[in-house]
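Asks: Take this structure, written in C-alpha cells, and hold onto it; I'll ask about it next.
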Amino acid sequence: MERQRVVMMVEEAEASRAALEWAIRNYIRCGDGITLLYVCPPSALVLSRKKRRSLRLRGFHLALSFRDLCIGIDVEIVVTEGEQADTIISTVNQVGATTLILGLHQGSFLFNCRAMNQFSNRKNLKCKVLAIKHHSMPHDASFLNLQLSQVETIHLCAPAAEAKVPFPMFTLPLGALCGK
C-alpha cells in the first residue's frame with residue numbers, strides 16, 4: 001500500500017483530540033506520516049509581540065501533547081499563523097498531504113461559510129478531508145462515540161461551450177417493471 005501523508009488539525013477542543021485518537025486506531029497505518037498543524041491568528045489581530053509568541057508557544061505545547069498519542073508514527077509539528085482556512089490549505093498542499101483530519105465541533109472553522117467555500121474549491125485543496133465529530137459521553141464509558149464525515153471537495157461542471165441536451169424521461173408504471 002502507498003504511504004499516506006496525513007495533516008491533523010490541532011485545536012484545543014476535545015473533538016480534535018478524539019479525532020486524532022480515532023485516526024490512529026482506524027485510519028493511519030504503520031509507515032504513514034502525520035503533520036500536526038496548529039494555526040495561530042494572524043499577527044494583525046494580535047497586537048503585542050509578546051502575546052503572539054505566547055500563542056505560538058501554547059500551540060506548540062498543545063501539538064506536543066497530541067504527539068504523545070502518536071506512538072510509532074512519523075510525526076512532524078507545524079505551528080504557523082495566518083487566516084485559518086488559507087493557512088490550512090497552503091500547508092496541506094505544501095506537505096503533499098493525502099488527507100486532512102480535523103475534529104468537528106461548534107467552533108470549527110468548517111462552520112464558517114467562507115472557509116467552506118475555500119475548501120469546496122477543488123483547485124485549492126488537493127486531498128480528502130475527514131471531519132470527525134465527538135459526542136460527549138459519561139465519564140464511565142469505556143469507548144469513544146464518534147461520527148465520521150468525509151467532506152467532498154469535487155465540483156461537477158460541464159464545459160460552457162456545449163449546449164445542454166434535455167434528458168429524455170420515460171415513465172413506466174411500477175407494474176410494468178415488476179411484470180404484473
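Asks: Taking only pairs six or more apart or across chains, which ones have beta-carbon atoms under 6 Å, a first residue in the stretch 72-84 that is of a type in the set (Asp, Glu), and a second residue that is surrounded by 16 or more Cβ atoms within 10 Å (Cβ to Cβ)?
Replies: 74/33; 76/35; 81/40
Asks: Identify the residue in the stretch 35-72 that is among the small types (Gly, Ala, Ser) and under 25 Å from residue 3 (Cβ atoms) and, among all such residues, is modelled with the highest pLDDT. Give the derivation first.
Replies: First, pick out the residues of the stretch 35-72 that are among the small types (Gly, Ala, Ser): 43-44, 48, 54, 59, 63, 65, 72.
Now drop any that are not under 25 Å from residue 3 (Cβ atoms), which leaves 63, 72.
Numbers: 63: 93, 72: 84.
Looking at residues that are among the small types (Gly, Ala, Ser) and under 25 Å from residue 3 (Cβ atoms), I get 63.
The values are calculated or read from the model by the stated rules, or taken from the named source; none is laboratory data. Predicted model only: the values in this text are computed from it and were never measured. Methodologically, a virtual Cβ is constructed for each residue, glycine included, from the backbone with ideal geometry; neighbour enumeration extends over all protein chains shown.
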